[in-house]
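Quick notes on the structure that follows.
The values are calculated or read from the model by the stated rules, or taken from the named source; none is laboratory data. Everything numeric here is computed off the predicted structure, so don't read it as measured data. Glycine gets a Cβ as well: all are built from the backbone with ideal geometry, and neighbour counts include every protein chain shown. Please note that ligands, DNA and RNA were not included when accessible areas were found on the heavy atoms of the full protein model with its side chains. Shrake-Rupley method; radii C 1.70, N 1.55, O 1.52, S 1.80 Å.
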Amino acid sequence: MKLAIGSDHRGRDAALHLEKRLRDAGHEIVAMAVLGEGEIGDYPDAASVVGRSVASGEAARGILICGTGLGMAIAANKIQGVRAATAHDEITAELSRSHLDANVCCLSADLLGLRLIEKIVDRWLTIEFEGGRHQRRIEKINAIEAGEGD
Ligand code: RB5
């Protein structure tokens, strides 16, 4: 799958770890937004790169890692077409795909260990959107995004 990965300084180690692991698993990393070693940066910068890569269709999915996984989701969700969800475990990862059709997975580097991050991402990448009643709800999100009803 074509993937975009990004992090701020807090998520850098986990992002680089995932990059290698996902490349080894056969995924193509089409956009990588990480800081240099020792650099301090702002999570919206990486969220913008990854979110735009997904929204444009360059990447099929995106993964963003910061301290909490929360700032990344708030920032990425400002981009039209992005549905970013913070996943804390395999259950939230699965439901963010099957019910919410999340196209960006946000993760906390501070609260999750690397092994759990791997399991969350593996799960998230393999779950399909269920559609049906959930599609109707996505369409309502799209209507909010389009400013309908303002
Ligand atoms: C950076 O200090 C921190 O605010 C960021 O990594 C993230 O946790 C925001 O949600």
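Here is a check on your reading of the model: is GLY11 assigned to a strand (DSSP E or B) and open to solvent by less than 10 Å² (accessible area, probe 1.4 Å)?
When the stated conditions are applied, GLY11 does not pass them.
Based on this model, can you work out whether ARG61 counts as away from the ligand (no atom under 15 Å from the Cβ), touching a residue at least 60 places away in the same chain (Cβ under 8 Å), under 22 Å from ARG137 (Cβ atoms) and touching a strand residue (DSSP E or B) at 6+ places or on another chain (Cβ under 8 Å)?
Considered against the rule, which asks whether it is away from the ligand (no atom under 15 Å from the Cβ), touching a residue at least 60 places away in the same chain (Cβ under 8 Å), under 22 Å from ARG137 (Cβ atoms) and touching a strand residue (DSSP E or B) at 6+ places or on another chain (Cβ under 8 Å), ARG61 comes out as yes.
Considering only residues of segment 23-44 that are in a helix (DSSP H, G or I) and in contact with a Gly (Cβ under 9 Å, 6 or more places away or on another chain), which is least open to solvent (accessible area, probe 1.4 Å)?
Filtering segment 23-44 for residues in a helix (DSSP H, G or I) gives 23-24, 43-44.
Okay, now just the ones that are also in contact with a Gly (Cβ under 9 Å, 6 or more places away or on another chain), so 43-44.
On the way: TYR43: 95, PRO44: 60 Å².
If we take residues in segment 23-44 being in a helix (DSSP H, G or I) and in contact with a Gly (Cβ under 9 Å, 6 or more places away or on another chain), then PRO44 is least open to solvent (accessible area, probe 1.4 Å).
If you scan segment 127-137, which residues turn out to be within 12 Å of LEU95 (Cα to Cα) and either open to solvent by 20 Å² or more (accessible area, probe 1.4 Å) or within 16 Å of the chain's Cα centre (by Cα) (or both)?
Passing the criteria: ILE127, GLU128, PHE129, GLU130.
So, in segment 106-126, of the ones that are assigned to a loop (DSSP other than H, G, I, E, B) and crowded, with 16+ Cβ neighbours inside 10 Å, which residue ends up farthest from the ligand (Cβ to nearest atom)?
The qualifying residue farthest from the ligand (Cβ to nearest atom) is LEU112.
Could you list, in sequence order, the residues of segment 64-92 that are within 16 Å of the ligand (Cβ to nearest atom), part of a loop (DSSP other than H, G, I, E, B) and of a type in the set (Gly, Ala, Ser)?
GLY67, GLY69, ALA87
Within segment 30-42, does at least one residue satisfy the condition of being of a type outside the set (Val, Ile, Thr) and on the phi > 0 side of the Ramachandran plot?
yes
In the list ALA47, ALA4, which residue meets the criterion of being away from the ligand (no atom under 11 Å from the Cβ) and either assigned to a strand (DSSP E or B) or open to solvent by less than 60 Å² (accessible area, probe 1.4 Å) (or both)?
The conditions single out ALA4.
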